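Since the structure comes first, as structure tokens, the remarks are kept for the end.
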Ligand code: ADP
Ligand code: TYD
């Protein structure tokens, strides 16, 4: 059997189950014989750490600065000679990322022109488009309930008003880019197993 190593992005508002589903998908792919590398944005490298400091209110940063930092963090995430996604793909890994450029379109599209965000991320999009963008759709209310259950402190973007806007911007971005991007939307307010099976059925079509 020839194994095509894929690049898959998981998308969704905060608490939608991306990291949970990344694990299920990695397990399925591993059992299928793939070498899997799971990663995430914002990264935990130098640029991603600046972003996390802003989100955790340790540092001030305007929304436009945050959008710019994500452009840089993503390019580093792609191009770095050790942990870069392009390097991992060349090494034969199937790569799953918890968030990629659609997160920027949705989260920064709330505060600034989405066209600018898309243009600013065009270097990344031209370097590497996901074989599949998987969007786990949950309501902002369920998202807030899950965030509130999980921890005491809130990050910058974790308010019901903002997540309602982000949820709408995701829909707008998917509509805008439906011709050039492969997008699979799965209903996320179901059991983890049902969602995982849906995702695996879709990914298997690409293998
Ligand atoms: P994300 O990575 O999108 O922030 P997580 O996978 O960390 O989301 O999940 C957020 C919270 O919701 C966690 O407490 C997780 O256990 C829970 N969770 C994940 N998937 C589901 C699901 N399908 N139904 C109910 N709770 C879920
Ligand atoms: P993440 O750690 O994935 O949070 P969660 O697990 O709660 O979904 O992402 C942290 C925050 O970063 C999240 O609120 C979304 C935001 N974000 C952006 O604003 N722009 C981006 O380009 C990315 C990748 C994330």
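Quick check on region 193-207: of everything there that is at pLDDT 95 or above and away from ligand 1 (no atom under 16 Å from the Cβ), which residue is surrounded by the most Cβ atoms within 10 Å (Cβ to Cβ)?
203
Of all residues in region 72-103, which are in a helix (DSSP H, G or I), touching a helix residue (DSSP H, G or I) at 6+ places or on another chain (Cβ under 8 Å) and more than 16 Å from ligand 1 (Cβ to nearest atom)?
Listed by number, the residues that qualify are 72, 73, 74, 75, 76, 77, 78, 79, 85, 86, 101.
For the condition at negative phi and more than 11 Å from ligand 2 (Cβ to nearest atom), what is the one hit in 71, 110, 95?
Being at negative phi and more than 11 Å from ligand 2 (Cβ to nearest atom) holds for just one of 71, 110, 95, which is 95.
Conditions tested, residue by residue: (1) more than 14 Å from ligand 2 (Cβ to nearest atom); (2) in contact with a strand residue (DSSP E or B) (Cβ under 8 Å, 6 or more places away or on another chain); (3) under 14 Å from residue 75 (Cα atoms); (4) outside any helix (DSSP H, G or I).
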{"residue": "115", "(1), (2), (3), (4)": "yes, no, no, no"}
{"residue": "125", "(1), (2), (3), (4)": "no, no, yes, no"}
{"residue": "130", "(1), (2), (3), (4)": "no, yes, no, yes"}
{"residue": "136", "(1), (2), (3), (4)": "no, yes, no, yes"}
{"residue": "143", "(1), (2), (3), (4)": "no, no, no, no"}
{"residue": "149", "(1), (2), (3), (4)": "no, no, no, no"}
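Output the qualifying pairs, or none if there are none: Cβ atoms under 6 angstrom, residues six or more apart or on different chains, first residue in region 100-117 and touching a residue at least 24 places away in the same chain (Cβ under 8 Å) and farther than 16 Å from residue 164 by Cβ, second residue within 16 Å of ligand 1 (Cβ to nearest atom) and outside any helix (DSSP H, G or I).
Listed pairs, sorted by first residue: 100/9; 102/11; 102/133.
Give me the residue from region 21-51 that is closer than 17 Å to residue 103 by Cβ and loosely packed, with under 15 Cβ neighbours inside 10 Å and, out of that set, farthest from ligand 1 (Cβ to nearest atom).
Across region 21-51, the extreme among qualifying residues is 45.
State whether the residues of region 168-185 include one that is within 14 Å of ligand 2 (Cβ to nearest atom), out of contact with any strand residue (DSSP E or B) (no Cβ under 9 Å at 6 or more places or on another chain) and either assigned to a helix (DSSP H, G or I) or at pLDDT 95 or above (or both).
For region 168-185, residues within 14 Å of ligand 2 (Cβ to nearest atom), out of contact with any strand residue (DSSP E or B) (no Cβ under 9 Å at 6 or more places or on another chain) and either assigned to a helix (DSSP H, G or I) or at pLDDT 95 or above (or both): present.
So, in region 13-65, exactly how many residues are within 13 Å of ligand 2 (Cβ to nearest atom), over 22 Å from residue 86 (Cα atoms), touching a residue at least 60 places away in the same chain (Cβ under 8 Å) and assigned to a helix (DSSP H, G or I)?
4
Could you check how many residues of region 158-192 are within 16 Å of ligand 1 (Cβ to nearest atom) and either without any contact (Cβ under 8 Å) to a residue 24 or more places away in the chain or buried (at least 18 other Cβ atoms within 10 Å of the Cβ) (or both)?
Selection size over region 158-192: 11.
The values are calculated or read from the model by the stated rules, or taken from the named source; none is laboratory data. Predicted model, so just to flag it, every value in this text is computed and none were measured. Methodologically, a virtual Cβ is constructed for each residue, glycine included, from the backbone with ideal geometry; neighbour enumeration extends over all protein chains shown.
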